[in-house]
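**Student:** So that we are looking at the same thing, I have put the structure below in C-alpha cells.
Computed from the coordinates by the stated procedures, all read-outs in this text should not be read as laboratory data. Keep in mind the model is a prediction, meaning the values are calculated, not measured. Note that we place each Cβ from the backbone using ideal geometry, even for glycine, and neighbour counts take in every protein chain shown.
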Amino acid sequence: MTPKEYNETVDAWADGVYRFIRKSLKSDDDARDIVQNAFEILWKNHENVQFDKAKSYLFSTAYHNMIDHIRKHKRMDYVEEIDEAAKGGTAEVQVDVKEAIEKALQKLPDVQKNCVLLRDYEGYSYEEIGEMLHLSESQVKVYIFRARQSLKEYLISIHHLI
C-alpha cells in the first residue's frame, strides 16, 4: 500500500472504525486511543498490506486492540453497579430505550456484540464481518442470530427495563 492509499484508507474508514469501537466501550478517549493505535499499526505495516485488504486489516486490528483493552480493564474494574430500580419504590417508571439497548448489548458475549454492531449499526455484509473478526460467514450468521435472540429476550422482559 502506498502512502496515498493509506491516506485514502484513513479518510474512508476512520469514522466507521471509531463508531464500531465506541459502541463497545464507554469512554470516548479509550475509543480514540484504540483507533489511533490501529491506524498506527496499519502504517507500520503499510508495505505488507494490500490496499483492497486495508479495511479488513484495520477493523481486525482495532477489534483485537479493543479486546486487549477490555481484558486489561476487567482485571481492574471489579466494582458492582447499584441497581437503581431496586432502590426506588416509585410506581412510575420511565424507560430510556437507548439505555436499555446499550445495557442489553453489554450483556452479550463480545463476539456476538461485535457481530451485531458491525451488521446492524455499521451495515457490513456477513462476509466482510467474517474477514474483520476472522470468522467464517456461517459463524457470523450464527452469532448474529443468537445475539438477536438474546437481545429480544432481554428487551421483552419488563424486569430489566425497570
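**Student:** DSSP loop trypsin sites (Lys or Arg not before Pro) in the stretch 2-63 with at most 12 other Cβ atoms within 10 Å of their Cβ, which ones? List each step's numbers first, then the result.
**Tutor:** Values: sites: Lys4, Arg19, Arg22, Lys23, Lys26, Arg32, Lys44, Lys53, Lys55; in loops: Lys26.
Sparse-neighbourhood loop trypsin sites (Lys or Arg not before Pro): Lys26.
**Student:** At 0.36 nm per residue, and after removing the present C-alpha to C-alpha distance, how many nm does the segment from Lys152 to Asp15 gain when stretched out fully? Mind showing how you got there, number by number?
**Tutor:** Numbers: separation 137, 0.36 × 137 = 49.32 nm, distance 2.83 nm.
Extra length from Lys152 to Asp15 when fully extended: 46.5 nm.
**Student:** Separate question: Listed here are the pairs Lys72/Lys113; Lys53/Lys98; Lys72/Lys152; Lys4/Lys53; which of them are more than 22 Å apart at the Cα?
**Tutor:** Numbers: Lys72/Lys113 19 Å; Lys53/Lys98 34 Å; Lys72/Lys152 30 Å; Lys4/Lys53 15 Å.
Correct reply: Lys53/Lys98; Lys72/Lys152.
**Student:** Shifting gears a bit: Under a point spin-label approximation (7 Å from Cα along Cα-to-Cβ), what is the Lys141-Glu102 distance to one decimal in nm?
**Tutor:** In this crude spin-label approximation the distance works out to 3.4 nm.
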